[in-house]
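Reviewing the structure listed below.
The values are calculated or read from the model by the stated rules, or taken from the named source; none is laboratory data. Since we're looking at a predicted model, the values are computed, not measured. Don't worry about glycine lacking a Cβ; one is built from the backbone with ideal geometry, like all the others, and counts go over all protein chains shown.
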Amino acid sequence: MVAEAYDILLDLTLGETYETLGLPAPLEFLPQDERQVVSRYFAALQASRLQDEFFNEALRFLAFHEHPADLERFLELVGGERRFALQAHLEAWADRHL
């Protein structure tokens, strides 16, 4: 549920928001910056999803909203012990899509 809330918030705020919300940068009105919101989204995803689902959703987000700090946070959450699982996930994805 928390991951879905962050997903909706980020969908609303990371795109062109002036026409939908009447604000050019709505995250300026939150007590944390955009990177903190994305970091909390990743943490919520990781806590509420199976590993492959977490990888899929986080990687889909990163594909559309590329930012080096977000990629770093994702890799921190994955941690060293799950890097091989991430690599296997990416290889399986590449086999299916290439």
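Observations
- Qualifying residues in the stretch 49-89 (those that are outside any helix (DSSP H, G or I) and free of Cβ contacts under 8 Å to residues at least 12 places away in the same chain) - the one farthest from residue 36 (Cα to Cα): 50
- Residue count, the stretch 41-98 (criterion: of a type in the set (Lys, Arg), surrounded by 13 or more Cβ atoms within 10 Å (Cβ to Cβ) and over 14 Å from residue 7 (Cβ atoms)): 2
- Of all the residues in the stretch 30-40, those that are loosely packed, with under 13 Cβ neighbours inside 10 Å and among the aliphatic types (A, V, I, L, M) number 1.
- Residue in the stretch 19-35 that is under 14 Å from the mean Cα position of the chain (by Cα) and at pLDDT below 90 present: yes
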